[in-house]
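The values are calculated or read from the model by the stated rules, or taken from the named source; none is laboratory data. Values in this document were obtained by computation on a predicted structure and should not be read as measured data. A quick note on method: Cβ atoms are made from the backbone with ideal geometry, for glycine too, and the neighbour counts reach across all protein chains shown.
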Amino acid sequence: MKETTGTMIVLHERAAPPIAIASADAVVAIRVPGHGEATTLPGMAKAILAELHERGVHAACVLVGLGDRAGVFAQALALEMLGRDLPLRCVAIVPDAALAAEASPADEDAASDRLRTACEAWTPPEPAMLPTLRCADDEPDVAGWVAGTFAAPPLPKPPAATQSIPLKIGGPLRAPVFCIPGAGASIVSLLDLAQAAHPQANVIGMQPRGLDGIEPPCTSVETAAASILPQVLQAAPHGPIRLIGHSFGGWIAFAVALRLREQGRTLASVDLLDSRPPTSDPAMAECDELDVLLRWIALVQLSTDQPLGIDAARLRPLPASARMHLVHRRMAEVGLMPARSDPASMLGALRMFAACLRTHYRPAGDYDGVLRVVYMPDPDLDAAGNDDEAERMRAGWSRHAPRVQLIRGGGNHMTGIRGRHANALADRLGLSA
């Protein structure tokens, strides 16, 4: 197929689109949920986006969902595209009611059941994050309305995928340190480590977008890395560079390291803090909304000695908003959130966390320098279990960096970068010397 640089992508559930769209040569019709095995909307969206790329479609002017469920799918696909900084002019939904007079209902089969379940489990984006056009139920000319979306005002362009923020101001005599936080985390999480660095060290945090709950979070490691690279080169136009990535940020740091090597730059160190080896299997990144929240709770509990007392059985019967209120209330009770804060204030971090969990990554190449991987103990494992996990982490990264070195850190995944553990880690990594 001839490569398309701007077009309309029409999503539908039927064997053929339920309406004919004018300018059909600029339209690509896709039946959802597709042929993959994904069970969540983000997973299905990733699969459809891969299919579009295989067909030569790398950008869209307009994304249209024909029907209620196809419309929800369109929003999920839009967030995936925006999360990769792909061009997108607008998103539009034609509800079932507007199609009732023009098409018979979609056949219900296993794929429809899969899509319905995924739509019911998904939390749609706020209008501020993804403004969406909606066709009126009584629209007399649905095909004309859809064709008219080509002329709709464009979506606001998201800001850069990452923003550099100084964590510590030093001098010019030491290699600058660039830090990337973990999934859904602020660069503030790495502040203790930054402050433990040498007084002359410049430490710069790279904050991925989306923490405000308004901007779409990144959905690709390479998108974040591509955003970070020019900022690193501008801040350090010459001389050696140090990279640190915590958890999911380790994947991004590794991708940046590969890009810097391609530029011929010298890396004084690349340190991945409790970062699991990357996986390129989309099935490994599949997790529904409840699973995301439970994993987030598990990480939060590593930061406090007081358990939140929230499990799947307690959350499953609740709607999404009630789940958020319960988690917020318990976090406030143990001092992890201000008592007067709004539960919605957690939404940005949770959406970022979800986007990271659902991301799979295949490194573009091998890193030929020394890669230091820091393993932080899992409090749920005994000594032997932690030894096994540490070795799996080392072996996994060795497939992408033959000169990998394993370092044992203190604390756990969350506390290992704070307080006295951060001071000890800075010493082990040579940041304080």
| Selection status of residue 112, over 21 Å from residue 352 (Cα atoms) and outside any loop (DSSP other than H, G, I, E, B) | yes
| remark: In region 212-229, anything buried (at least 19 other Cβ atoms within 10 Å of the Cβ) and more than 16 Å from residue 255 (Cα to Cα) is listed as 213, 215, 216, 217
| request: State all residues of region 395-411 that are assigned to a strand (DSSP E or B) and under 18 Å from residue 254 (Cα atoms); if no residue qualifies, say none. | output: 404, 405, 406, 407
| Within region 247-267, can one find any residue that is in contact with a Lys or Arg (Cβ under 6 Å, 6 or more places away or on another chain), buried (at least 18 other Cβ atoms within 10 Å of the Cβ), assigned by TED's automatic domain parsing to the domain that holds residue 390 and over 23 Å from residue 358 (Cα atoms)? | no
| note | Taking region 298-312 and the residues there that are in a helix (DSSP H, G or I) and over 20 Å from residue 40 (Cα atoms), the one that is nearest to the chain's Cα centre (by Cα) would be 299
| said: Being part of a loop (DSSP other than H, G, I, E, B) and without any contact (Cβ under 8 Å) to a residue 12 or more places away in the chain is the filter here; which residues of region 345-394 pass it? | reply: 380, 381, 382
| message | Any residue that is surrounded by fewer than 16 Cβ atoms within 10 Å (Cβ to Cβ), assigned to a strand (DSSP E or B) and not assigned by TED's automatic domain parsing to the domain that holds residue 227 - is there at least one of those in region 133-153? | response | yes
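Can we say residue 212 is at pLDDT below 95 and in contact with a Gly (Cβ under 7 Å, 6 or more places away or on another chain)?
The answer is yes for residue 212.
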| request: List every residue pair whose Cβ atoms sit under 7 Å apart, with the two residues 6 or more apart in sequence or on different chains, where the first one lies in region 99-118 and is of a type in the set (Ser, Thr, Tyr) and the second, anywhere, is at pLDDT 90 or above. | output: 112/13
| request: Could you check residue 194 against (1) crowded, with 23+ Cβ neighbours inside 10 Å; (2) touching an Asp or Glu at 6+ places or on another chain (Cβ under 7 Å) and say which number it fails? | output: (2)
| query | For residue 324, are the conditions met, namely being more than 23 Å from residue 274 (Cβ to Cβ), at pLDDT 90 or above and among the aliphatic types (A, V, I, L, M)? | reply | yes
| request: Scan region 47-60 and give yes if some residue there is closer than 18 Å to residue 94 by Cα and either touching a Phe, Trp or Tyr at 6+ places or on another chain (Cβ under 7 Å) or buried (at least 21 other Cβ atoms within 10 Å of the Cβ) (or both), otherwise no. | output: yes
| Within region 272-301, considering residues that are surrounded by fewer than 16 Cβ atoms within 10 Å (Cβ to Cβ) and touching a His at 6+ places or on another chain (Cβ under 8 Å), the one nearest to residue 372 (Cα to Cα) | 279
| note | All-but-one check, residue 230 against (1) touching a Leu at 6+ places or on another chain (Cβ under 7 Å); (2) farther than 22 Å from residue 426 by Cα, failing number (1)
| field | Tally, over region 23-42, of residues that are modelled with pLDDT of 85 or more and not hydrophobic (A, V, I, L, M, F, W, C) | value | 6
| Residue count for region 202-236, restricted to those that are in contact with a strand residue (DSSP E or B) (Cβ under 6 Å, 6 or more places away or on another chain) and not small (Gly, Ala, Ser) | 9
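Residues are listed down the side, and each one gets a yes or a no for (1) out of contact with any Pro (no Cβ under 7 Å at 6 or more places or on another chain); (2) small (Gly, Ala, Ser); (3) not assigned by TED's automatic domain parsing to the domain that holds residue 268:
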| site | (1), (2), (3) |
| --- | --- |
| 363 | no, no, no |
| 375 | yes, no, no |
| 388 | yes, no, no |
| 391 | yes, no, no |
| 410 | yes, yes, no |
| 415 | yes, no, no |
| 424 | yes, yes, no |
| Which one of these does residue 349 not meet: (1) under 23 Å from residue 221 (Cα atoms); (2) more than 22 Å from the chain's Cα centre (by Cα)? | (2)
